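Here's the structure, in structure tokens; my notes come after.
Each reported figure results from applying straightforward, stated rules to the coordinates on display, with no laboratory input. The structure displayed is predicted, hence computed values, not measured ones. In this analysis, Cβ positions are derived from the backbone assuming ideal geometry, glycine residues included, and neighbour counts consider all displayed protein chains.
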Amino acid sequence: MSLDPPLVAFLPDKSSTTWPRLERAGRFCVNVLAADQEYICRAFAAKETDKFAGLDWRPAGSGSPILAGVSAWIDCDLEVVHDAGDHHIVLGRVRELDIENPSLPLLFFQGGYGRFMPQSLVTSDLQLIHHFRHIDLVRPELEALADRVGVECNASVRIGDEAVIIATAGQPRGTHISSQVGHRFAMSPPVGTLWVAWSEDSVVEAWLRRASPALSESDREMYRQALGVIRRDGFALLVGTLDPRPADPTAAPAPHGPRDLRRFVRDLRMGFGPEDLPPVSSAQWLALAAPVFDNEGDITLTISLHGFDNLTAEDFGDVTRQLAATAQRVTELTGGRAPVE
């Protein structure tokens with residue numbers, strides 16, 4: 001980037017189908033995505049005809065789009081294009097720029113998405129530190145539940161638009177991958193159903209917009225109904241197919257980032273009861289989760305079970321009752337209360 005004159009550069013592949021349209025327009029706007037906007041990056045990477053479907057934006061001075069919620073934007077006129085082998089080097093002269101949302105930017109590194117974390121901020125995530133005061137109360141309950149059910153039991157909290165594991169107990173069965181404290185998962189449908197089930201409509205709609213590819217209205221309605229089932233039953237079920245990381249270190253990296261549950265699980269979808277359990281197979285994956293509420297009746301953390309090598313319909317009811325009972329005890333231990341419908 002040049003400051004005098006103000007220039008920015010990017011390098012489109014010569015096979016790009018988007019670049020010719022930008023070249024004809026003679027202008028572009030650089031949108032610096034925020035760390036919680038991975039879903040937008042995935043939407044634009046997909047081969048969809050309308051990449052802006054379901055996204056909020058406004059025109060910059062040049063008419064180019066500024067996406068809502070980005071960390072910053074840089075509006076440019078096309079200055080010059082240089083040949084660079086199988087790429088172009090495109091220089092844009094800056095017309096205007098601004099900080100839209102003072103937050104950490106989204107990064108892409110070695111096939112995965114993440115965010116920059118300055119050393120000075122590593123221990124200053126006050127939201128996360130706040131939750132650790134409950135660990136001593138929560139851990140015995142997690143260990144007891146993991147021992148009874150015979151799978152891994154985790155406690156997770158929500159930080160922004162991510163779920164963060166803060167405690168684990170037990171071990172998953174078979175070939176299932178163990179979780180680690182600190183793992184973060186981006187909450188875009190169907191991940192995060194439990195966190196939004198008791199939320200107001202605006203929060204639910206914002207969560208639905210994070211889906212990639214964008215959801216149809218019928219799919220959105222299905223999710224809204226599913227959230228009602230979760231409130232009724234008091235737990236959420238996710239099912240899918242295991243997609244373990246390649247054993248060959250020279251193999252291409254997984255297409256999803258390390259904070260995306262879908263790096264490990266394909267065909268991830270919601271389940272509604274024992275009729276949706278996958279066939280008994282070590283290649284199948286499922287997780288059950290129940291909420292823990294604070295003294296305002298809001299979800300403060302979730303308790304989840306995963307690592308089943310089989311879970312029969314006959315055992316399903318017993319496992320969900322034990323999970324719900326544990327979540328209720330933790331709610332009471334931490335001084336919380338369940339919301340009144």
For the stretch 2-116, just say rounded, prolate or oblate: build the C-alpha gyration tensor, square-root its eigenvalues into a ≥ b ≥ c, call rounded for a/c under 1.5, and beyond that prolate if a/b exceeds b/c, oblate if not. rounded
Among MET222, HIS176, VAL164, the residue whose Cα sits farthest towards the positive end of the charge dipole of the chain (+1 at Cβ of Lys and Arg, -1 at Cβ of Asp and Glu, taken about the Cα centre) is HIS176
What does the charge count around PHE308 come to, taking other residues whose C-beta lies under 10 Å from its C-beta (Lys +1, Arg +1, Asp -1, Glu -1)? -2
[x] 1.12; [y] 1.07; [z] 0.99, with the label sought being that of the calculated Cα Rg over 2.2 N^0.38 Å: [x]
Within the stretch 1-95, DSSP-loop trypsin sites (Lys or Arg not before Pro) with at most 10 other C-beta atoms within 10 Å are LYS47
In debye, nearest 20, what is the charge dipole magnitude of the chain about its Cα centre with +1 on Lys and Arg Cβ and -1 on Asp and Glu Cβ, if you could check? 320 debye
Putting +1 on Lys and Arg Cβ atoms and -1 on Asp and Glu Cβ atoms, find which of PHE308, THR320, VAL149 reaches farthest to the positive end of the dipole of the chain. PHE308
So the FRET efficiency between GLN225 and GLU314, C-beta based with R0 = 25 Å and rounded to 0.05, is 0.40
Cβ charges +1 (Lys, Arg) and -1 (Asp, Glu), total dipole of the stretch 2-116, debye: 220 debye
Quick one: net charge around GLY85, please, counting Lys, Arg +1 and Asp, Glu -1 for every other residue with C-beta under 15 Å from its C-beta. -2
Set the Förster radius R0 to 45 Å, insert the Cβ-Cβ distance between ALA325 and LYS47 as r into 1/(1 + (r/R0)^6), and round the FRET efficiency to 0.05. 0.45
I want the local charge near GLY26. Using Cβ-Cβ distances under 15 Å, sum +1 for each Lys or Arg and -1 for each Asp or Glu among the other residues. +1
Once exposed loop chymotrypsin sites (Phe, Trp or Tyr not before Pro) are cut out (DSSP; at most 16 other Cβ, 10 Å), longest piece of the chain: 117-271
Looking at the stretch 150-234, which GluC sites (Glu not before Pro) are in a loop (DSSP not H, G, I, E or B) and have at most 16 other Cβ atoms within 10 Å? GLU200
In the stretch 295-341, the trypsin sites (Lys or Arg not before Pro) that fall in loop regions by DSSP, at most 16 other Cβ within 10 Å: ARG337
